[in-house]
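Read-outs throughout are calculated quantities, based only on the coordinates presented, and are distinct from any laboratory measurement. Everything numeric in this text was worked out from a predicted model, so none of it was measured. Neighbour counts run over all protein chains shown; Cβ positions are idealised from the backbone, glycine included.
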Amino acid sequence: MDLTNKVVIISGGAASIGADITKEMHAQGAQVVIADINKEAGEALAKSLGENALFVPTDITLNEQLENLVVATIDKFGKIDALVNNAASYGDEGATTDRNTWLKTLDVNVVSAAMLGELCRPQLKKNKGCIINTGSVSGNFPHIARWAYPVSKAALAHLTKTQAVEYAEDGIRVNLLRLGHIWSDPFNGLTKGDRQHADQATAAFNLKGRVANGKEVGQVAAFVASDKASYMTGGEIPVDGGYSAMGPEGHMPLFPILAK
């Protein structure tokens, strides 16, 4: 997964899963651009990674800040080889979600990914680059009491295919990582930092019996961004521990239960 001399922008790249993607891309030789709304976390991560990292404070819902991100990246590193649309809003109150929350969630999770992809398109075309969108199993399967976030991730999956079809003429690959249960800020907050409880609570929903580490997402992202994945486009790559493979029966055999 040699990313030497590749320049990668990671939105939401300063914390949680985004930070793990940033670190893994950097470890594989990439020059990473951390686009994040959290200035303190972004500056700290860029400083820890050194000269091949740049932090650009970015609210991805503002066009002028997206434009500044692209310009700052080219000014610093001279090109763009890959874009990881990872930033996400988790705003969701199920069926009672208000209009403003719906619009913000869709704006962050889908619209901004489309806008940034188009702004990066000339550079990605020039360098035969790629876009990686961070999706979720919730975009494929309905979750009780969750409406806006899953719908946004379903839309992002369709956007991925739309980008892949349209950008193919430019030699740009576009893929989606379909994430399952990952140890991240939301999981940390919900469990008050209890990783063992998170593993136990999610065991019935995946075949690995645990939540994933963010680094495991980063490693897949690095592969998809690399030349090793040159024939992959328009795809949904599951990083879900087998969540998507299971049907309604899960991974418990039904017949023994019936026989009792």
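Observations on the structure shown:
- Just so you know, in region 217-238 the residues that are of a type in the set (A, V, I, L, M) and surrounded by 20 or more Cβ atoms within 10 Å (Cβ to Cβ) include one that is nearest to A82 (Cα to Cα), and it is A225.
- Listed by position, the helices (runs of 4 or more DSSP H) inside region 158-260 whose residues that are touching a residue at least 12 places away in the same chain (Cβ under 8 Å) and aliphatic (A, V, I, L, M) number at least 3 are 214-225.
- Those residues of region 125-138 which are in contact (Cβ under 8 Å) with a residue 24 or more places away in the chain, surrounded by fewer than 24 Cβ atoms within 10 Å (Cβ to Cβ) and on the phi < 0 side of the Ramachandran plot, in sequence order: K125, K126, N127, V137
- Selection from region 144-154 of residues that are of a type in the set (A, V, I, L, M) and surrounded by fewer than 19 Cβ atoms within 10 Å (Cβ to Cβ): I144, A145, A154
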